[in-house]
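As structure tokens, the structure follows; a few thoughts come after it.
The values are calculated or read from the model by the stated rules, or taken from the named source; none is laboratory data. As the structure is a prediction and not an experimental result, all values here were calculated from the model. Here Cβ is always computed from backbone atoms with ideal geometry, including for glycine, and neighbour counts include all displayed protein chains. The area values use the complete protein model at the heavy-atom level, side chains included, leaving out ligands, DNA and RNA. Shrake-Rupley method; radii C 1.70, N 1.55, O 1.52, S 1.80 Å.
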Amino acid sequence: MALVKEIMGHPLISGRPSLVFSASHFKKKTQTTQFSIKPFDRRPKTSKSGVVSAISEDLVKTLRFSTTTGDRKSEEEEKAAVKFKVRAVVTVRNKNKEDFKETLFKHLDAFGDKIGRNIVLELISTELDPKTNLPKKSNAAVLKDWSEKSKTKAERVHYTAEFTVDAAFGTPGAITIMNKHQKEFFLECITIEGFALGPVHFPCNSWVQSQNDHPEKRIFFTNQPFLPSETPEGLRKLRGKELKNLRGDGTGVRKLSDRIYDFDVYNDLGNPDKSSELSRPKLDNEAESRVEKPLPMYVPRDEQFEETKQDTFAAGRLKAVLHHLVPSLKASILADDFSDFGEIDDLYKKGLLLKLGFQDEIFNKFPLPKGIVNTLQESSKGLLKYDTPKILSKDKNAWLRDDEFARQAIAGINPVNIERVKTFPPVSNLDPEIYGPQHSALTSDHIIGHLDGLSVQQALEENRLYMLDYHDIFLPFLDQINALDGRKAYATRTIFFLTRLGTLKPVAIELSLPSHGPNHRSKRVVTPPVDATSNWVWQLAKAHVSSNDAGVHQLVNHWLVLKTLRTHACLEPFIIAAHRQLSAMHPIFKLLDPHMRYTLEINALARQSLISADGVIEGGFTAGQYGLEMSSAAYKSSWRFDMEGLPADLIRRGMAVPDPTQPHGLKLLIEDYPYANDDSELQSWYSESINVGHADLREAEWWPKLDTVDDLVSILTTLVWLASAQHAALNFGQYPYGGYVPNRPPLMRRLIPDESDP
């Protein structure tokens, strides 16, 4: 604001409005309008002369009424006859790096701006002109000093524009912009000064394309929220027009500069054009050709990473890719795997390229340009020496201990799968005709000696037994997975006991394989060790559990891609529908927008590198090419939107019970569990999210209704929870715990040997 004051050359009005709204602002009004907000007062102030002015009191005093002629003009006509100027401060964000083409266009635009190819703005009132029944508008104004400031190196550059309005203009509600330059620019915000109501703010944060690519004027609204039924008359058509622009018409080929949000299925994960071995199951009858790197996949222009985010993401991705590739390259070049834990420790102590002596072979194996090779060699110490993961920082043997194994089930990278045991032995929900007997091999004899003197029934009644159950997720895919070269897995169940200290300890692990006849040993139970041999069998059993857990964490919880589950892809249908159905003026859009940012771009990048055929997930996790089929199966069998948020998820898993005496109405059974009105636009957003975004589950009876304010609060709470706190719980612990591979091995190569095996 100090900048505005300096540019404007006059004092600012101190009493400025602020934007504050919450669920309490929603109230029932009529049967047709159930949701309402109370906007802050933006009504023009009334001067002593009785004129309702759009401009400041001092300027109103300059009005002169003619009393020497006959009939006096109407007040509206007198106000319309008096013209005043208001100024805009427009903040544009520069790129830090520009390629040759961008630099060339920048110079051309600086020249073109001098000869009239400008950026043109028009101010739109919230009121209609009574003569034309159209929104009141200012004159067209151009951004000043664009050419003069074209060489400015600052991240943000501030320009001004001057509008002419009359005293009857009313309250500004929107600005339209036409970019007559050759190059797009990033518009951060606009502030208008000179109106009696104080500064008027327009948050933009959007790329404005050249009219050569997009001839339509861009529309930006003020930060004042309006529900559809409360939208001022002057903004109604603009509100609908902007949403229509964002939806598109469902035809044509998308350009990277487009802002169109539309639905489609992920049929580009396989790559049969490249190799038949890269063919993958399709979601409908047609497969799409894949957009290969380095070509970018389409996401709406404003969903693409900003420059600083792109730089951060690219640096992290380079480091992650090199870390992922180098151990594999070591194995392929030297024809062996890590021979002992000491070699793994060297990843953190010495680094790979500089100390292990095979950098020349790696660079010879990679057909990289010389410049990139030199850059990697110069910076290899920083890039290829692994940071010490948190799990090793205090005690390098912590990962071997049972208490740490149990602690990570509730406070590690994937704390959302542990559940209370309600029936013992546990029972499978898979079809016994296909997958064999539903009963578990676990018995009371396996765990009775580890229950602090309690019987199994007593432990159940006292809520002391808990479980990680990956049996039904993995078992249907084990024949295919175990047929892959160098990959072996079980379907695991792990039973934990809650001690008197309030901590968990593992007491039994069940390892299951598909049943191939009555004499086939398909189930095996491993219990805590009693000697050196059984100790390493127990450690290997825990490793298989951790590998199951790593796969479920990445394929189901962190990313359930083919249709969606908990975080990344779960939100994608809601994000697309929000942009298509909720105006930027809608208070719910303003609430959701920060939580939706970057998700579409991250998902697009994941489709190219992470979850695609032969991508990182297939290469680094035991499930290999069957991982996304597992993900899809989990979505179809177990995902329910109404059970994803808190506290519903905790109650479903038996980790908490309703308790009205507690502050939040429920009681955690493990105290140390840190994880732990009819609005048409809202209805359209929610309906499209379900009926289009989740079309295959749209008939499910568990979808929450959106009829009341309480319904809305519950739905929004779930979405914000998934995008923020739960994503953080599933995302940010990956390297601290998973960076030391033996702690959470994503890929297992052997089954556990029997004691009689060589």
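Go through segment 85-133 and give me each residue that's closer than 30 Å to Thr171 by Cβ and either at pLDDT below 90 or surrounded by fewer than 16 Cβ atoms within 10 Å (Cβ to Cβ) (or both).
So in segment 85-133, the residues closer than 30 Å to Thr171 by Cβ come out as 85-93, 118-133.
Of everything in segment 85-133, those that are closer than 30 Å to Thr171 by Cβ and either at pLDDT below 90 or surrounded by fewer than 16 Cβ atoms within 10 Å (Cβ to Cβ) (or both) turn out to be Lys85, Pro130, Lys131, Thr132, Asn133.
Looking at (1) modelled with pLDDT of 80 or more; (2) surrounded by fewer than 16 Cβ atoms within 10 Å (Cβ to Cβ); (3) closer than 20 Å to Asn557 by Cα; (4) of a type outside the set (Gly, Ala, Ser), which is the one condition that is false for Glu629?
Glu629 satisfies all of (1) modelled with pLDDT of 80 or more; (2) surrounded by fewer than 16 Cβ atoms within 10 Å (Cβ to Cβ); (3) closer than 20 Å to Asn557 by Cα; (4) of a type outside the set (Gly, Ala, Ser) except (2).
Open to solvent by less than 70 Å² (accessible area, probe 1.4 Å), more than 21 Å from Ala723 (Cβ to Cβ) and modelled with pLDDT under 85 - does that describe any residue in segment 643-658?
The answer is no, given that none of the residues of segment 643-658 is open to solvent by less than 70 Å² (accessible area, probe 1.4 Å), more than 21 Å from Ala723 (Cβ to Cβ) and modelled with pLDDT under 85.
Look at segment 610-631 and say how many of its residues are among the acidic types (Asp, Glu) and under 20 Å from Lys274 (Cα atoms). Full working, then the answer.
Initially, segment 610-631 is screened for residues among the acidic types (Asp, Glu), giving 614, 618, 629.
Next cut, under 20 Å from Lys274 (Cα atoms) only: 614, 618.
Summing the residues that are among the acidic types (Asp, Glu) and under 20 Å from Lys274 (Cα atoms) in segment 610-631 gives 2.
Quick check: is even one residue across segment 51-65 of a type outside the set (Lys, Arg), touching a Pro at 6+ places or on another chain (Cβ under 7 Å), at pLDDT below 65 and surrounded by fewer than 17 Cβ atoms within 10 Å (Cβ to Cβ)? Write out each step before concluding.
Filtering segment 51-65 for residues of a type outside the set (Lys, Arg) gives 51-60, 62-63, 65.
Retained after the next criterion (residues that are touching a Pro at 6+ places or on another chain (Cβ under 7 Å)): 52-54.
After this cut, where a residue has to be at pLDDT below 65 as well, the list is 52-54.
This time we only want the ones that are surrounded by fewer than 17 Cβ atoms within 10 Å (Cβ to Cβ), so: none.
No, there is no match, as no residue in segment 51-65 is of a type outside the set (Lys, Arg), touching a Pro at 6+ places or on another chain (Cβ under 7 Å), at pLDDT below 65 and surrounded by fewer than 17 Cβ atoms within 10 Å (Cβ to Cβ).
Of all residues being within 13 Å of Ile651 (Cβ to Cβ) and modelled with pLDDT under 85 in segment 661-675, which is surrounded by the most Cβ atoms within 10 Å (Cβ to Cβ)? Just the residue, please.
It comes out as Leu666.
Any residue at all in segment 243-262 that is more than 24 Å from the chain's Cα centre (by Cα) and at pLDDT 95 or above?
Checked segment 243-262: at least one residue is more than 24 Å from the chain's Cα centre (by Cα) and at pLDDT 95 or above.
(1) modelled with pLDDT of 95 or more; (2) surrounded by fewer than 18 Cβ atoms within 10 Å (Cβ to Cβ): which one isn't true of Val530, the others all being true?
For Val530, the exception is condition (1).
Just a yes or no: is a residue in segment 396-417 modelled with pLDDT under 90 and open to solvent by 50 Å² or more (accessible area, probe 1.4 Å)?
yes
May I ask you to list the residues in segment 689-699 that are in a helix (DSSP H, G or I) and under 15 Å from Leu719 (Cα atoms)? Spell out how you get there, then give the answer.
Here is the first cut: in segment 689-699, the residues in a helix (DSSP H, G or I) are 689-691, 695-697.
Scanning segment 689-699 gives Ser689, Ile690.
Can you tell me how many residues in segment 712-736 are farther than 15 Å from Leu591 by Cβ and either modelled with pLDDT of 80 or more or aliphatic (A, V, I, L, M) (or both)?
Looking only at that region, the number is 4.
Matching residues to (1) of a type in the set (Asp, Glu); (2) farther than 21 Å from Val416 by Cβ; (3) surrounded by fewer than 23 Cβ atoms within 10 Å (Cβ to Cβ):
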| residue | (1), (2), (3) |
| --- | --- |
| Tyr470 | no, no, no |
| Ile473 | no, no, no |
| Leu478 | no, yes, yes |
| Lys505 | no, no, yes |
| Pro514 | no, yes, yes |
